[in-house]
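Below you'll find the structure, written out as structure tokens, and then a few comments.
The values are calculated or read from the model by the stated rules, or taken from the named source; none is laboratory data. Computed from a predicted structure; not experimentally measured. Cβ atoms come from the backbone with ideal geometry, glycine included; neighbour counts cover every protein chain shown.
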């Protein structure tokens, strides 16, 4: 059933961080009901069978601008534990289901809001995407080659800085509500979450161990022992031998000069040492290096694409990737020893569960048909 079995979540359909947060909750057993906006287009739609974020959820379709639609939504809110939305600040209020209205119906409701800039501040209502949010926090400036930053997909801002902090906040608030008897609003700004992820960099900077010059620090690719190298077949391997004992093992296995370990203390020698290691790794293929280094304490891993990652023996052994209805995708994480939720159900067709959900909310079949005739239901 999963550790969150019995918790009911209403997810207002959106893009990126909200749906991923809902997927995490569903993976852990929550009953997540996605409210599709029947008359709206997100502009970046996925076929339902390939929408991994929709797995394990139920789906209803409401035209929120039709008379009576908000009343239907509020009926669901009355029976929910959580609601999450990712609209710009003020949109939910204008549509009629802002926190004040929802918590009047259900005082214990946890109302989660994920946005790029947050609910207040000079940029709160401005448009933006992951690349903009991480740019404002200093994270983007720290990633890439010295010449220019490199956007790290939208994993850092949208999902790590947004979704994970939203889920963390909502679950913490839910636990607190069991003591206080009151719900609350979670303001999960991607800028705030991404800034928090940069905590260690702030600490290193304060110690004089991190500079603003990109590509010149221990953990940003400048250090030879923490870098990516090309192999003879044009593929790549990753090295992370930061500790002396791991570095010693790496140098021994690859046949490098053991004196490199001592020379690494002089940052001026990093470029030359990197050239030496690059020449060594270029002598053999990625697979040959895997045969020599995988399973050792050299802190090594091949750089794999999606298909290669799913086929890797370690990931296969742990079932890190699963196939649901023909779509390969990551399995739920983390793993629970006693209350695992099992394999998620495939994504549902938009609106497939409308009647079931509304009947469970107390509406009659006649009321549902009347709403459908009025165009309220998709």
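Outside the structural domain of residue 150 (by the TED database) and in a loop (DSSP other than H, G, I, E, B): does that describe residue 232? Considered against the rule, which asks whether it is outside the structural domain of residue 150 (by the TED database) and in a loop (DSSP other than H, G, I, E, B), residue 232 comes out as yes.
Exactly one residue out of 118, 128 is in a loop (DSSP other than H, G, I, E, B), free of Cβ contacts under 8 Å to residues at least 60 places away in the same chain and either in the same structural domain as residue 20 (by the TED database) or within 17 Å of residue 89 (Cβ to Cβ) (or both), and it is 128. Per the conditions (1) within 23 Å of residue 355 (Cα to Cα); (2) free of Cβ contacts under 8 Å to residues at least 12 places away in the same chain; (3) in contact with a helix residue (DSSP H, G or I) (Cβ under 6 Å, 6 or more places away or on another chain), the sole criterion not satisfied by residue 98 is (1).
Would you mind stating whether residue 174 is at pLDDT 95 or above, touching a strand residue (DSSP E or B) at 6+ places or on another chain (Cβ under 8 Å) and either exposed (fewer than 13 other Cβ atoms within 10 Å of the Cβ) or not in a helix (DSSP H, G or I) (or both)? Spelling it out, it is not the case that residue 174 is at pLDDT 95 or above, touching a strand residue (DSSP E or B) at 6+ places or on another chain (Cβ under 8 Å) and either exposed (fewer than 13 other Cβ atoms within 10 Å of the Cβ) or not in a helix (DSSP H, G or I) (or both). Within the set 237, 201, 185, the sole residue that is in contact (Cβ under 8 Å) with a residue 40 or more places away in the chain, touching a helix residue (DSSP H, G or I) at 6+ places or on another chain (Cβ under 7 Å) and within 30 Å of residue 107 (Cβ to Cβ) turns out to be 185.
Listed here are the residues, each with its yes/no results for (1) touching a strand residue (DSSP E or B) at 6+ places or on another chain (Cβ under 9 Å); (2) under 18 Å from residue 198 (Cα atoms); (3) surrounded by fewer than 17 Cβ atoms within 10 Å (Cβ to Cβ).
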{"residue": "99", "(1), (2), (3)": "yes, no, no"}
{"residue": "114", "(1), (2), (3)": "yes, no, no"}
{"residue": "122", "(1), (2), (3)": "no, no, yes"}
{"residue": "125", "(1), (2), (3)": "no, no, yes"}
{"residue": "142", "(1), (2), (3)": "yes, yes, no"}
{"residue": "162", "(1), (2), (3)": "yes, yes, no"}
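The single condition among (1) over 26 Å from residue 299 (Cα atoms); (2) over 25 Å from the mean Cα position of the chain (by Cα); (3) in a helix (DSSP H, G or I) that residue 182 does not satisfy is (3).
Reported count of residues in segment 334-378, each being in contact with a helix residue (DSSP H, G or I) (Cβ under 8 Å, 6 or more places away or on another chain) and not in a helix (DSSP H, G or I), is 13. The residues of segment 13-22 that are over 10 Å from the mean Cα position of the chain (by Cα) and crowded, with 24+ Cβ neighbours inside 10 Å amount to a single one, 22.
Residues considered: 342, 351, 362. Of these, the only one that is within 25 Å of residue 79 (Cβ to Cβ) and crowded, with 16+ Cβ neighbours inside 10 Å is 351.
Here is a yes/no grid of residues against (1) surrounded by fewer than 17 Cβ atoms within 10 Å (Cβ to Cβ); (2) more than 30 Å from residue 20 (Cα to Cα):
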residue	(1), (2)
184	no, no
199	yes, no
205	yes, yes
223	no, yes
226	no, yes
241	no, yes
256	no, yes
262	yes, yes
265	yes, yes
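The test for being surrounded by 13 or more Cβ atoms within 10 Å (Cβ to Cβ) and farther than 26 Å from residue 209 by Cβ holds for residue 296. Listed conditions (1) assigned by the TED database to the domain that holds residue 122; (2) more than 20 Å from the chain's Cα centre (by Cα) are all met by residue 201, apart from (1).
Within segment 61-73, the set of residues being touching a residue at least 24 places away in the same chain (Cβ under 8 Å) and surrounded by fewer than 17 Cβ atoms within 10 Å (Cβ to Cβ) comprises 65, 66, 67, 68. The residues listed here are 278, 340; of these, the one that is over 30 Å from residue 62 (Cβ atoms), in contact (Cβ under 8 Å) with a residue 24 or more places away in the chain and in contact with a strand residue (DSSP E or B) (Cβ under 8 Å, 6 or more places away or on another chain) is 278. Please verify whether residue 326 is under 30 Å from residue 24 (Cα atoms) and either exposed (fewer than 11 other Cβ atoms within 10 Å of the Cβ) or at pLDDT 95 or above (or both), treating the condition exactly as stated. For residue 326, the condition - under 30 Å from residue 24 (Cα atoms) and either exposed (fewer than 11 other Cβ atoms within 10 Å of the Cβ) or at pLDDT 95 or above (or both) - is met.
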